[in-house]
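Read the figures in this text as sums done on the coordinates, not as results from a lab. As the structure is a computational prediction, the values presented were derived from the model and not from experiment. In this analysis, Cβ positions are derived from the backbone assuming ideal geometry, glycine residues included, and neighbour counts consider all displayed protein chains.
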Amino acid sequence: MKKYILILSSFVIISCQDKKSSNPKQSSLSEDKKIEQFFEKTFQEDLADSPMMQTRLGKKTDYGKWDDFSKKKYPKELEKSKVRLAFLKDSIKKSKLSEENQLSYALMKNQLKNEIADYKYRFYDYPVNQMHGYQAELPAFLINMHQIDSEEDAKAYISRLNGMKQVFEDVSEGLKIREKNGVLPPTFVFAKVLDDAQNVIKGYPFEDVKRPSTLWKDFTSKLEKLKLKKEEKASLKQEAKKAMLTHVAPGFKTLIATLQDETQRSVSDAGVWKLPKGDAYYNNRLKRMTTTNLGANEIHTIGLKEVERIHKEMEAIKEKVGFKGSLQEFFDFMRNDSQFYYEDSAEGREAYLTEAKQIINALKGRLGDLFNVLPKADIKVKAVEAFREKSAGKAFYQAPALDGSRPGIYYANLYHMKAMPNYQMEALAYHEGIPGHHMQIAISQELDSIPMFRKFNFYTAYVEGWGLYTEFLPKEIGFYKDPYSDFGRLAMELWRACRLVVDTGIHAKKWTREDAIAYYKTNTPNEEGDCKKMVERHIVMPGQATAYKIGMLKILELRRKAKKELKDKFDIRDFHDAVLSQGPLPLNYLENQIDKYIEAKK
């Protein structure tokens with residue numbers, strides 16, 4: 001790993017060594033130093049403004065604080081972006097930068113311009129939603145991110161509990177501003193998020209019952225592992241109880257009251273076309289999510305073609321396993337035959353997690369066939385916590401701490417076992433774990449060759465395109481031996497192809513929620529609950545789901561190009577290093593990166 005990074009960074013190291021020479025390029029060296037200092041300064045400024053990001057990175061500065069959730073943060077962030085953009089334009093001579101710094105310059109400039117352009121849409125999102133809403137994310141943050149290794153850490157946890165009242169007052173104010181601007185989630189969202197919020201304040205100490213609440217269980221279990229005196233632990237528990245009753249409960253009750261009030265005025269219309277300037281907002285979302293200029297109609301058409309292609313490949317597997325009947329009948333068989341599902345019990349859930357770990361471990365042993373560079377960070381498999389599993393997504397990945405103190409986590413949602421068929425297990429584990437998100441995100445965080453801000457950029461088409469591409473990748477080295485498992489791989493790719501059709505259908509073609517669910521039910525083997533949950537995700541995260549297939553198609557296109565031009569010089573490991581070695585990139589920048597890799601190999 002270090003050798004690889006040194007190669008990537010060699011021009012920076014050489015530049016630093018030549019600093020005192022009389023080299024005529026000295027002016028460019030000072031320009032490089034100036035922009036590198038600027039990159040570090042901006043990252044540290046953003047980090048200082050985000051106690052939650054500090055915690056995610058494994059730092060314990062501002063450990064008892066939350067980020068700013070008030071409306072005041074938006075103009076501050078806008079001004080910050082304008083000042084930074086002006087500095088890049090007026091104070092940096094791009095032509096005198098190293099090639100690496102020119103790329104960083106371009107990425108930051110593009111990012112800042114987007115932030116400024118998107119300011120007018122700052123109240124267009126649904127910050128309380130069933131996928132990643134604050135009502136679930138903030139408790140999950142305490143549970144998964146806030147480690148308690150000392151008495152000071154425990155007090156910082158209590159401080160965050162005390163801060164929840166203000167946080168949810170700010171969140172509630174933001175929801176009211178959105179409603180005044182005509183931005184209100186569809187009716188179905190409210191029941192789901194109200195359920196999440198109410199779950200947090202159930203159990204002890206919120207209720208006079210023995211069953212502990214989620215936060216109480218988390219705090220006390222972490223506290224018990226500390227080597228403190230009994231009376232010290234008792235005192236901390238008392239402080240935590242007081243914080244939960246006087247700040248957590250009132251905060252959640254404020255949010256609940258706001259949601260209960262707004263649900264009375266909500267409507268069932270699903271698409272963002274219903275919002276003021278909704279069409280412009282959606283087109284902007286598609287640009288940001290795909291990092292392309294593809295419009296809704298183009299994306300819709302790509303989706304339809306991909307659905308048709310994958311259906312044909314599924315027909316071949318149906319014939320291979322000897323199933324007599326139509327593809328839709330085969331879908332019905334896959335939905336309902338018990339051989340494809342773990343038992344809906346504690347034992348069944350444990351068996352699923354055990355098998356998922358085995359799948360990841362088996363692929364770990366073959367990573368050398370696909371990559372030269374491997375991440376240092378480990379990965380673990382975990383079930384989604386009970387308090388949020390009902391509304392959370394099917395599976396997702398949580399990045400490791402930057403300092404190595406916390407591994408990456410592949411979360412599997414085992415609330416409804418019929419939504420987690422065993423024939424999709426391989427593809428799901430490859431996407432969320434190895435060689436998918438864990439490889440890409442952990443390697444990005446560990447790169448020494450790029451500035452910090454680039455390690456944490458999140459271009460959805462790149463990140464999720466890589467995830468989908470790596471569902472396919474293991475097939476090329478002999479995985480998916482079971483034809484049903486290979487069908488599961490295709491089923492998940494089909495799912496993402498349908499997303500192109502349905503997302504654009506909902507938000508650009510005015511499909512109803514019911515129209516969208518029907519499309520998934522007809523064209524995929526997924527059970528109805530899965531179809532409903534995906535459609536509801538499209539509704540609250542417009543455009544996001546289009547990024548997966550668009551990103552995968554671009555990576556495959558670039559790989560075909562590299563193979564064609566390099567012929568016998570093509571090595572899949574080098575190609576993957578080229579894709580991952582610069583951290584997350586917009587797709588057009590990724591294409592430039594692969595073109596440079598091709599020229600270098602020639």
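Measuring nothing but how far apart in sequence close Cα pairs (under 8 Å, 6+ apart) lie, relative to its length, the chain scores a relative contact order of 16 percent.
Shown here for the range 501-561: trypsin sites (Lys or Arg not before Pro) in loop regions (DSSP other than H, G, I, E, B) with at most 14 other Cβ atoms within 10 Å, namely K510.
Residue pairs exceeding 19 angstrom between C-alpha atoms, taken from K376/K601; K165/K242; K376/K549: K376/K601; K376/K549. Charging the Cβ of each Asp and Glu at -1 and of each Lys and Arg at +1, and nothing else, the dipole of the chain about its Cα centre rounds to 1360 debye. Please list, or write none, the lysines whose alpha carbon is within less than 20 Å of the alpha carbon of K82, excluding same-chain residues fewer than 8 places away. Straight-distance partners of K82: K34, K41, K71, K72, K73, K93, K94, K109, K113, K120. Taking the Cα centre of the range 335-390 as origin and assigning +1 to Lys and Arg Cβ atoms and -1 to Asp and Glu Cβ atoms, the resulting dipole is close to 360 debye. Listed by chain and number, the lysines placed with their C-alpha closer than 20 angstrom to that of K390 are K192, K202, K217, K382, K418, K532, K533; residues fewer than eight positions away on the same chain are left out. Of all DSSP-defined beta bridges confined to the range 280-556, some 45% are antiparallel rather than parallel. Take the Cα of W273, step 7 Å toward its Cβ, do the same at D332, and the gap between the two points is 3.2 nm.
Restricting the range 234-279 to trypsin sites (Lys or Arg not before Pro) that sit in a DSSP loop and have at most 15 other Cβ atoms within 10 Å of their own Cβ leaves R265, K277. Measuring between their Cα centroids, the range 261-295 and the range 409-450 lie 28 Å from each other. For the range 488-530, the residues whose backbone nitrogen is under 18 Å from a point 7 Å from the Cα of A280, taken along Cα to Cβ, are 508. Measuring r between the beta carbons of V321 and Q198 and using R0 = 56 Å, the FRET efficiency lands at 0.80. For K510, the lysines whose Cα falls under 16 Å of its own Cα, not counting residues fewer than eight places away in the same chain, are K274, K277. Taking every DSSP bridge with both residues inside the chain, close to 40 percent are antiparallel.
Shape of the range 418-541 from its Cα gyration tensor (a ≥ b ≥ c, root eigenvalues): rounded if a/c is under 1.5, otherwise prolate when a/b > b/c, or oblate? It is oblate, given that a/c is not under 1.5 and a/b is not larger than b/c. When GluC sites (Glu not before Pro) are flagged only if DSSP places them in a loop and at most 15 other Cβ atoms lie within 10 Å, the longest unflagged stretch of the chain comes out as 344-602. Pair-distance distribution of the range 212-340: all C-alpha pairs, bin width 10 Å, starting at 0; shares per bin in whole percent are 9, 17, 13, 19, 22, 16, 5. Dividing the radius of gyration of the alpha carbons in the range 135-224 by their Kirkwood radius gives 1.04 for Rg/Rh. Net length available on complete extension from K59 to K481 is 147.6 nm, with 0.36 nm assigned per residue and the Cα-Cα distance removed.
The equivalent ellipsoid that matches the C-alpha gyration tensor of the range 280-556 spans semi-axes of 27, 25, 18 angstrom, in descending order. A run of the chain free of exposed loop cleavage sites, with chymotrypsin sites (Phe, Trp or Tyr not before Pro) counted only in DSSP states other than H, G, I, E and B and at most 15 other beta carbons within 10 Å, reaches its longest extent at 1-322.
Taking 7 Å steps out from each Cα toward its Cβ at N144 and I177 produces label points 2.7 nm apart. Between the listed residues A257, V209, L175, the Cα displaced farthest toward the positive end of the dipole of the range 134-268, a dipole computed from Cβ unit charges relative to the Cα centre, is found at V209. Using C-alpha pairs below 8 Å separated by at least 6 residues, the relative contact order for the range 277-411 is 13 percent. As a calculated quantity, the FRET efficiency between E232 and E207 at R0 = 30 Å, using C-beta atoms, amounts to about 0.65. With 0.36 nm allotted per residue and the present C-alpha distance subtracted, the D369-D118 stretch has 86.1 nm of extension available.
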